[in-house]
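Student: Here you go, one structure.
Values quoted throughout were computed directly from the atomic coordinates according to the rules given, and no laboratory measurement underlies them. None of the values given here were measured: they were computed from a predicted structure. Cβ placement follows ideal geometry from the backbone for every residue including glycine, while neighbour counts extend to all protein chains displayed.
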Amino acid sequence: MGTSNSFGGPKSSTPLIPSWLPDTNSPSPVPAVAPPAEMPGAPQQDEKKPLPPMPSAPTDNRFKVARLNFTRFATTGDQRSIQRALGHYVRSGSGGKSGAARRMGSSSVTASKLASFVSSVQSSGTQEALAQVHLGDCVGRTASEVLPKLMDVICPAGGGLDESVARQAFTEAVIDLCQDSDVMIENLSIDMWNEFLLDFIARSIEIRVINDIGNRVVAGPKTVEGVESAEAALHNFIIAGVRQSAGESLCKLGSLTSTAAIATVQSIYEEAFGLWEQFAEE
């Protein structure tokens, strides 16, 4: 998976919302895809609206309870502990589901751009969608060859830690998609594109959580098999929440504007965190 290679996680004094995020009362500076490879239907400057105010949350030791429960999960495999860990990660560590969604930063932006691309695939076909992002010459090549090029369009290399999280999540989603059957890019079905998008969202949350509270996912289990089992259990738990939050919404991407497709993805992140937040009450 690769998620066990932790970035080390933030200290308890780390700002609740990373410094690279825009001011909460300022318009978001990121279009659906940055020029020149702009996604079809990307919102123009005058369409951008101010972001809502951030909910507050304590900053001192805000991840303490989440980390304790995550460590218990990593060492024992107790499923209730991972529920509580994610619940407290959202509630006390991030100030609620909106704050947790905002913490996703570049991953959320990348997922939004990917959703715009998948929307174009649904409405216009893969060949036209690739042409619109200057990858038209990739038709006739395998998904494992083309998807990393798409990643470079929507999440270029060279950024900081947050961009690295997004690129790692994208890479792992490519591996998940292609490990059993690496088909030509134009032969990916709509269901496969939707699954790829959901997997990216889940992987991005998983990597973010591990690097925030999950340092013991490697140190806890005594064997490689134990580490793999803990990682698999965490992924299965997160992807289940993401699927529940998405429902049937991704099937309708082709009929949505780019702005609406982006809003759909943002809603999936927030609703997933909302599902887990309730576990902080147990």
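Student: Could you tell me the number of lysine pairs in the stretch 61-281 with C-alpha atoms less than 29 Å from each other, where the two lysines are 8 or more residues apart or belong to different chains?
Tutor: Pairs that pass both the separation and distance tests number 7.
Student: Say each of A263 and R80 gets a label point 7 Å from the Cα, pointing the same way as Cα to Cβ; how far apart are those two points in nm?
Tutor: With each label point 7 Å from Cα toward Cβ, the separation is 4.1 nm.
Student: Share of Cα-Cα pairs in the stretch 61-281 beyond 30 Å, in percent?
Tutor: 24
Student: Still on this structure, I have one more. Between I175 and E228, what length in nm is gained on full extension when 0.36 nm per residue of separation is reduced by their alpha carbon distance?
Tutor: 17.5 nm
Student: Still on this structure, please answer the following. Could you work out the relative contact order of the stretch 61-281, using alpha carbon pairs under 8 angstrom and six or more residues apart, expressed as a whole percent?
Tutor: 35
Student: For the stretch 185-282, what does the relative contact order come out to in percent, with C-alpha contacts under 8 Å and a separation of six or more?
Tutor: The normalised contact order for the stretch 185-282 reaches 29 percent.
Student: Apply 1/(1 + (r/R0)^6) to the Cβ-Cβ distance of Q127 and D191, taking R0 = 22 Å, and write down the FRET efficiency to the nearest 0.05.
Tutor: The computed FRET efficiency comes out at 0.75.
Student: What FRET efficiency comes out for the pair D137/Q244, r = Cβ-Cβ distance, R0 = 30 Å, nearest 0.05?
Tutor: With a Förster radius of 30 Å, E is 0.20.
Student: OK, next. Which three extents, in whole angstrom, do the alpha-carbon atoms of the stretch 201-282 cover along their principal axes, largest first?
Tutor: Reported extents, whole Å, longest axis first: 49, 29, 19.
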